[in-house]
1. Of the residues that make up segment 30-50, is at least one among the aliphatic types (A, V, I, L, M), assigned to a helix (DSSP H, G or I), surrounded by fewer than 19 Cβ atoms within 10 Å (Cβ to Cβ) and at pLDDT 95 or above?
2. Filter segment 64-80 down to the residues that are surrounded by 13 or more Cβ atoms within 10 Å (Cβ to Cβ) and in contact with a strand residue (DSSP E or B) (Cβ under 6 Å, 6 or more places away or on another chain), then identify the one that is farthest from GLU17 (Cα to Cα).
3. Only residues that are charged (D, E, K, R) and farther than 15 Å from PHE12 by Cα: list them for segment 26-81, please.
4. Output yes when any residue across segment 54-63 is hydrophobic (A, V, I, L, M, F, W, C), surrounded by fewer than 11 Cβ atoms within 10 Å (Cβ to Cβ) and more than 13 Å from the chain's Cα centre (by Cα), and no when none is.
5. Considering (1) surrounded by 13 or more Cβ atoms within 10 Å (Cβ to Cβ); (2) touching a Pro at 6+ places or on another chain (Cβ under 9 Å); (3) among the hydrophobic types (A, V, I, L, M, F, W, C), say which one ALA83 fails and leave the rest.
Amino acid sequence: MHTQDSYAGVPFSKFPEDLRVYEHLLWADMPNVVIEVGTHLGASALWFRDRLRTLVDYGLISQPRVVTIDVAAEQARPYLDRADPN
């Protein structure tokens, strides 16, 4: 199962097939903003951030932003601070 995966050192529980679909959607639509409902520990927010940064590197978008929302987001903060101290 996918429950033992991680991204940037943060536990990550997305199906690989879903990530592939997200990747295709991002390249097809080239959004500057991704809104995620359900942060959990924050790995997918980091993953989306990095995908948007790739679009920036290719000159396809500017000013990328990931907004992630959760009723218990405090559990993600330690993971996100370690993965990206900026």
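The values are calculated or read from the model by the stated rules, or taken from the named source; none is laboratory data. If you're wondering where the values come from, they're calculated on a predicted model, not measured in any experiment. Note that we place each Cβ from the backbone using ideal geometry, even for glycine, and neighbour counts take in every protein chain shown.
1. So in segment 30-50, the residues among the aliphatic types (A, V, I, L, M) come out as 30, 33-35, 37, 41, 43, 45-46.
When the remaining residues are screened for being assigned to a helix (DSSP H, G or I), the result is 43, 45-46.
Still in the running and surrounded by fewer than 19 Cβ atoms within 10 Å (Cβ to Cβ): none.
No, there is no match, as no residue in segment 30-50 is among the aliphatic types (A, V, I, L, M), assigned to a helix (DSSP H, G or I), surrounded by fewer than 19 Cβ atoms within 10 Å (Cβ to Cβ) and at pLDDT 95 or above.
2. Taking segment 64-80 first, the residues surrounded by 13 or more Cβ atoms within 10 Å (Cβ to Cβ) are 64, 66, 68, 70, 73, 76, 79-80.
Adding the requirement that they be in contact with a strand residue (DSSP E or B) (Cβ under 6 Å, 6 or more places away or on another chain) leaves 66, 68, 79.
Working: VAL66: 21, THR68: 21, TYR79: 24 Å.
Only one residue tops the list, namely TYR79.
3. In the first step, residues of segment 26-81 are kept if they are charged (D, E, K, R); the result is 29, 36, 49-51, 53, 57, 65, 70, 74, 77, 81.
Selection gives ASP29, ARG51, ARG53, ASP57, ARG65, ASP70, GLU74, ASP81.
4. No, there is no match, as no residue in segment 54-63 is hydrophobic (A, V, I, L, M, F, W, C), surrounded by fewer than 11 Cβ atoms within 10 Å (Cβ to Cβ) and more than 13 Å from the chain's Cα centre (by Cα).
5. Every listed condition holds for ALA83 apart from (2).
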